[in-house]
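Taking it in order: structure first as structure tokens, then the write-up.
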Amino acid sequence: MDKVTLACPCLFGVESLVADEIKALGYNDVETQNGRVIFHADESAIARANIWLRCAERVLIMLGEFEAHSFEDLFQGVKAIPWEKWIGRDDAFPVKGWSLNSKLHSVPDCQAIIKKAIVEHLKEKYHVTWFKETGAKFQIQFSILKDKVSIYIDTSGEGLHKRGYRRNSIEAPLKETLAASMVKIARFYADRAFCDPMCGSGTILIEAALIGRNIAPGLNRSFAAENFHLDKSIWKDAREEASAAINSEPIEVFGYDIDQKAVELTLENAKKAGVGDVITASRQDLRDFAPTQEHGTVVTNPPYGERLLDIKAAEEIYKTMGSVFLKLKGWRFYIISPSENFESLFGKRADKKRKLYNGMIKCEFFQYFRR
Ligand SMILES: C[S@@+](CC[C@H](N)C(=O)[O-])C[C@H]1O[C@@H](n2cnc3c(N)ncnc32)[C@H](O)[C@@H]1O
């Protein structure tokens, strides 16, 4: 099977988690960069990475990287890529991308140049003058950072956070890839209870249950590269491998929310995700959090508050968390929040903090594990 270079963009702060996931799939040639992880593997990794990666946003085939200080540099760099290896005579190849701190800063112009360069290359290969673009879609992506151009084909289609279980949502749901990253940082132990006492639509609980049961997050969705001209067996094999890897270990994953609608949504989403038998949820105020299990892990995404009044309410919740959580000696707590006053309101300095971005909101992941 041919070798490919794959690039997996991810949220800032979770690169090492993505690298670990890739290594766990058996790929060792892994390079961690800011906001992306790159690895080299055979083509079957396109299917395995899409199906298995929990913390990455997408899987891209990296076709070229070069410096470009002019449109001519960009045109020649793109034209030199062996496009016919991927794109057939009838296939569609739309182009999108971004440019930052570079001489070539006009994205529409770069887009047009890249498209023209691909067309010129394929014209020479296929001896045609017009491309119908009615076949499979190959989304070309480019990035230009400090004059360095990267050219990719997207293999995922919809972002990997779209696991297919969350059709309904409450306000401020956490992205599935971020929820999975938080659970990975906190570590899931089959012999410890796992709880989110402010579970909203249940994203953290569902990601934890998927991890606990070793269910690949992409097992039940499709990917753009399934229409590529690749051996179809790579998808069948990867799905069979993922199905066989699911365990049925008894695990305890439960949640609460003050809002009954959120509780119902959690249960509905858990069912859709195939972990309805694992997750329990009920209506409860955080103030009444008193788990009966001696040992457990809490991972939670409390309300942040945006307006002044809401900020005050959010701060009250941080205080309540401190007073109820810190009494529970066998439990560990992991809380994401953008508040600079979080630790003083919670009443204890975190054992460890890690910067994570919840969308555009810069947060800290406060970790309390020395108990
Ligand atoms: C930011 S949302 C959590 C979103 C969730 N991580 C998700 O992905 O859907 C915060 C949740 O805390 C709940 N909440 C607020 N105050 C609470 C309290 N005192 N006790 C329990 N839940 C509370 C809200 O109803 C809301 O669903």
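Every number here is computed from the coordinates shown, using simple stated rules; none is lab data. Since the structure is predicted, the reported quantities are computational estimates derived from the model, not experimental observations. Positions of Cβ are generated from backbone atoms using ideal geometry, with glycine treated the same way; all protein chains shown enter the neighbour counts.
Of the chymotrypsin sites (Phe, Trp or Tyr not before Pro) found in segment 160-190, those in coil by DSSP whose Cβ has at most 14 other Cβ atoms within 10 Å are Y189. A simple packing score, the average count of other Cβ atoms within 10 Å per residue, orders the peptides 348-358, 275-285, 328-338 as 328-338, 275-285, 348-358, with the highest score first. Go through K96/K116; K23/K148; K79/K123 and tell me which ones have a Cα-Cα distance over 19 Å in this structure. Correct reply: K23/K148. Within the same chain, aspartates and glutamates fewer than 8 places from K115 are excluded, and of the rest, those with a Cα less than 19 Å from its Cα are E65, E67, E72, D73, E84, D90, D91, E124, E133, D147, D154.
Remark: spin-label model distance M1-E72 equals 4.2 nm, labels positioned 7 Å along the Cα→Cβ axis. Ranked by the mean number of other Cβ atoms within 10 Å of their residues, highest first, the peptides 119-131, 251-263 fall in the order 251-263, 119-131. Counted over segment 3-154 with a bin width of 5 Å, the fraction of Cα pairs per bin, in whole percents, is 2, 9, 18, 20, 18, 16, 11, 5, 1, 0. Each part gets one Cα centre, and for segment 224-250 versus segment 335-371 those centres are 37 Å apart.
Spin-label model, E124 to K96: label points 7 Å out along the Cα-to-beta-carbon direction sit 3.0 nm apart. Let me see the P(r) profile for the chain: every Cα-Cα distance counted, bins of 20 Å, each bin given as a percent of all pairs. All Cα pairs considered, the percentages come to 27, 50, 21, 1. For the listed peptides 339-345, 178-184, 81-87, a ranking on the average number of other beta carbons within 10 Å per residue, highest first, reads 178-184, 81-87, 339-345. For segment 1-68, the direction-averaged projected area of the alpha-carbon convex hull comes to 4.6 nm². If you run the Gaussian network model on the chain, springs between alpha carbon atoms under 10 Å, then out of I361, I211, I144 the most flexible one is I361. Each part reduced to its alpha carbon centroid, segment 89-122 and segment 126-197 end up 21 Å apart. A straight Cα-to-Cα reach below 16 Å connects K312 with the aspartates and glutamates E340, E343, residues fewer than 8 places away in its own chain not being considered.
Here K355 is the anchor, and the lysines within straight C-alpha reach of less than 19 Å, apart from those fewer than 8 places off in the same chain, are K175, K184. With respect to the chain, whose longest principal axis is taken over its alpha-carbon atoms, helix 176-186 is tilted by about 60°. Among C195, C110, C55, the largest mean-square fluctuation in a Gaussian network model of the chain, built with springs joining Cα atoms closer than 10 Å, belongs to C110. Rounded to the nearest 500, the helix-only mean residue ellipticity at 222 nm of the chain stands at -10000 deg cm²/dmol, with each DSSP H run of n ≥ 4 adding -39,500 (n - 2.57).
The angle between the Cα long axis of helix 260-272 and the main principal axis of the chain comes to about 50°, on a 0 to 90 degree scale.
Counted residue by residue at 0.36 nm each, then reduced by the alpha carbon distance between them, the extension gain from E264 to E241 reaches 5.0 nm.
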